[in-house]
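Visitor: Okay, handing you the structure first.
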Amino acid sequence: MDVMIIFPEFAALRDEVRKLRTELSILVLERDELRYVECPNIETAYLMKLGALEYQAFEAKCAYLRLKRKVELLQAKRNRQEKPDLKAIETQLDAEFADFREKLNEQIEKMNEAIRRNGLEVLSGDDTRELKRLYRRVVRALHPDLHPDISPEQLTLFHRAVEAYQNGDLATMRVIDAMASEPILPESEDDAMTALIREHDRLKGLLDSVRRSIQDIKADYPYTLKAILLDEAKVQARKTELETLLAQLRELCAYYQERIRELLGENHG
């Protein structure tokens, strides 16, 4: 009877690949926890505390810059002793400040999303732990970084799992977990050693990439807001800073509105 001989080097490398897969699945879970849960929660908490003031300050800044630019255009007309075409000036200002309007709309969308997230039902501790456990299993079974050769249908299933994780949808995650099955690593086949070496190198590269991704997330917005939220004194300081800025911007708006009235003359209101 033929007996399959698994060489020690092959067995050791196969075990190392399994360990790398496990380590990668843990790191992917940490990254996704940051990206899809913790960071949105941080941003939501910050926006619910300070988002309205942030929006008001940015809106006032946009208004001030537009008024200042309008003064520049009117002054240029006056210097050339030309009668200003107010409609043309407003059209020009609309074009010049389109980006600001777009950013204002983005701020409104962020606030709407924060309000929506703030109203979501919060999972219990046990449910949260189960959601993470199931998501990690799905990651091990279907994540395209771990399994670059999965089918389009499996990839779609993985994306559904990401959505369920983002939304805290435990029921959907249970269904996806039941559907997913972890691929089996190759045993001692003719070209298995070469495949394992290639997979080992690929996983090592992915581990470095995911570690860098985690570092980048922690160094960027909105994770950096966490330090403010954890210190009520910092929250109050930021609130005072925004209120002061808002008052200054409103004063500037009033000043430039007065300059516009002067440039147009009282007949133009």
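Visitor: Can you run phi through the Karplus equation (6.51, -1.76, 1.60; θ = phi - 60°) for segment 195-205 and list ³J(HN,Hα) in whole Hz, with x for Gly and Pro?
Guide: 5, 5, 4, 5, 5, 4, 5, 5, 5, 4, x
Visitor: Could you work out the helix-only [θ] at 222 nm for the chain, with each DSSP H run of four or more residues adding -39,500 (n - 2.57) and the total divided by the number of residues, to the nearest 500 deg cm²/dmol?
Guide: Taking each H run of at least 4 residues, the total per residue is -25500 deg cm²/dmol.
Visitor: When only C-alpha pairs under 8 Å and at least 6 residues apart count, what is the relative contact order of the chain, in percent?
Guide: Normalised by residue count, the contact order of the chain is 40 percent.
Visitor: Under the rule a/c < 1.5 gives rounded, and otherwise a/b versus b/c splits prolate from oblate, where does segment 123-238 land using the Cα gyration tensor?
Guide: oblate
Visitor: Here's another thing I want to ask about it. For segment 59-89 and segment 130-163, what is the separation of their C-alpha centers, rounded to whole Å?
Guide: Distance between centres, Cα-based: 55 Å.
Visitor: Still on this model: Write out the GluC sites (Glu not before Pro) in segment 105-145 meeting two conditions: DSSP loop, and at most 11 other Cβ atoms within 10 Å of their Cβ.
Guide: Qualifying residues, ordered by number: GLU121.
Visitor: Enter the angle in degrees (range 0 to 90, nearest 10) between the Cα long axis of helix 52-79 and the first principal axis of the Cα atoms of the chain, meaning the one along which they spread out most.
Guide: Roughly 50 degrees between the two axes.
Visitor: Okay, next question. Show me, for segment 36-41, the HN-Hα J-couplings you get by feeding each phi into the Karplus relation (A = 6.51, B = -1.76, C = 1.60, θ = phi - 60°), rounded to Hz, glycine and proline as x.
Guide: Once θ is set to phi - 60°, the couplings for segment 36-41 become 9, 10, 5, 4, x, 5 Hz.
Visitor: Any idea what diffusion coefficient the chain gets from Stokes-Einstein, in µm²/s, Kirkwood Rh on alpha carbon pairs, 25 °C, 0.890 mPa s?
Guide: It diffuses with D of about 104 µm²/s by this estimate.
Visitor: Averaged across orientations, what area in nm² does the convex hull of the alpha carbons in segment 1-142 project?
Guide: It is 17.4 nm².
Visitor: For segment 199-269 and segment 92-129, what is the separation of their Cα centres, given in Å?
Guide: 14 Å
Visitor: What is segment 91-135 by shape, rounded, prolate or oblate, if you read a ≥ b ≥ c off the alpha carbon gyration tensor as root eigenvalues and call it rounded for a/c under 1.5, prolate for a/b larger than b/c, and oblate otherwise?
Guide: prolate
None of the figures in this text is laboratory data; all of them are computed from the coordinates on show. Not measured: the values here are computed from a predicted model. Here Cβ is always computed from backbone atoms with ideal geometry, including for glycine, and neighbour counts include all displayed protein chains.
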